[in-house]
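Participant: Dropping the structure in here first, questions after.
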Amino acid sequence: MRTAEIHRNTAETQIDVTVNLDGTGLYTVSTGIGFLDHMIEQLSRHSLIDMTVKTVGDLHVDQHHTTEDTAIAIGEALAKALGDKRGISRYGSVYSPMDETLSRVALDISGRPWLVCKLPFTVTKIGEWDTEMVEHFFHSLAQAAGITLHIELLYGSNNHHIVESAFKGLARALRQAVEIDPRKADAIPSTKGML
C-alpha cells in the first residue's frame, strides 16, 4: 500500500494527515476554514487519493499559518507515500472546465519543486478564505511534495469557479502522475535512476 501519515506540530498549528494513493477519493477534512476544506475535499475526490486532514491553527491571527502548514503536511504525506517513485507515470496534465472557467494544470513529480501560478482574482475572499492564500497553498504543497506545478487560468470570471477549477485540475493531473505505469511498474521514471 502506498500510504503515509504525517503529524506536524508547531507553536502555530497542529496537523494530522493521512493519504492512500491507491484509494477511491474518500476524505475527512477539517481545517477551520470552510472553503479550504471544500477545496481539499475536491483534491481528494478527483485524484482518488484517500485523505484525512485535521488542522487546528491560530486562526485568531490570520489564515496564513493554517493554509501553509496544511499544504506542507499534505505535500509531505504525498512524498512519503510515493517513496522512491518506482513505477509512477510521473507526469500529469489536464484542462479543467467549470462552467465559464477553464484552467490548465500540468505537473511533474520531479523532485524539483517549482510553481508557476497564474490565477487572477477580482475579490479578496471566497467564503472566509483569503484569495492570496490560494497560490500560497499551491506553492507550499509543491515545495513539500517535490512537484513541478504549473497552474494557469485560460479564461473565466467567477472567482469560486477559478479556484475550484484549479484544484480539480490539480487533482486530475495528480491522479495521472501517481498512477503506476503497467509497462514500467518496476522502474524509476528517470534516466538518472532516481527522482
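Participant: Please tell me which of these pairs span more than 32 angstrom C-alpha to C-alpha: Lys80/Lys168; Lys118/Lys184; Lys125/Lys192; Lys54/Lys184; Lys80/Lys184?
Facilitator: Lys118/Lys184; Lys125/Lys192; Lys54/Lys184
Participant: Additional query: Count neighbours as other Cβ atoms within 10 Å of each site's Cβ, and list the GluC sites (Glu not before Pro) in the range 102-159 that are DSSP loop with at most 12 such neighbours.
Facilitator: In loop regions of the range 102-159 (DSSP not H, G, I, E or B), the sparsely surrounded GluC sites (Glu not before Pro) are Glu128.
Participant: Suppose we keep just the DSSP beta bridges with both residues in the range 3-178; what percent of those would be antiparallel, to 5?
Facilitator: 80 percent
Participant: To continue, here is another question. So what's the back-of-envelope 222 nm ellipticity for the chain, counting only DSSP H runs of four-plus at -39500 (n - 2.57) apiece and dividing by all residues, rounded to 500?
Facilitator: When only DSSP H runs of four or more count, the value is -11500 deg cm²/dmol.
Participant: In addition: For the chain, just the Cα set please: Rg and Dmax, both in angstrom.
Facilitator: Cα-based Rg and Dmax for the chain come out at 15.9, 51 Å.
Participant: Now for a different question. May I ask for the angle, rounded to the nearest 10°, between helix 34-47 and the longest principal axis of the chain, with both axes built from Cα atoms and the value confined to 0 to 90°?
Facilitator: Around 20 degrees separate the two axes.
Participant: Pick from Glu179, Glu100, Glu164 the residue whose mean-square fluctuation is largest in a GNM of the chain, springs joining Cα atoms under 10 Å.
Facilitator: The residue that fluctuates most here is Glu100.
Participant: Can you give the longest stretch of the chain with no exposed loop site, where a site means trypsin sites (Lys or Arg not before Pro) in a DSSP loop (not H, G, I, E or B) with at most 15 other C-beta atoms within 10 Å?
Facilitator: Of all site-free stretches, the longest is 87-182.
Participant: Please compute the Kirkwood hydrodynamic radius of the range 13-109 from all pairs of different C-alpha atoms, in Å with one decimal.
Facilitator: 14.5 Å
Participant: Normalised by the residues of the chain, what does the relative contact order come to in percent, with Cα pairs under 8 Å and at least six apart?
Facilitator: Numbers: 484 pairs, mean separation 50.6, N = 195.
It rounds to 26 percent for the chain.
Participant: Here's a follow-up. Roughly how tilted is helix 64-82, in degrees to the nearest 10 and between 0 and 90, from the longest Cα axis of the chain?
Facilitator: So the helix axis and the longest Cα principal axis differ by about 10 degrees.
Participant: Against the longest principal axis of the chain, how steep is helix 159-178, in degrees 0 to 90 to the nearest 10, with axes from Cα atoms?
Facilitator: Roughly 10 degrees between the two axes.
Participant: To the nearest 20 debye, what charge dipole does the chain have about its Cα centre, counting +1 at the Cβ of each Lys and Arg and -1 at the Cβ of each Asp and Glu?
Facilitator: Around 940 debye, computed over the chain.
Quick note: the coordinates plus some simple rules give every number you see, no bench work behind them. Worth saying up front: this structure is predicted, and the values here are computed from it rather than measured. FYI the Cβ positions are ideal-geometry reconstructions off the backbone, even for glycines, and counts take in every protein chain you see.
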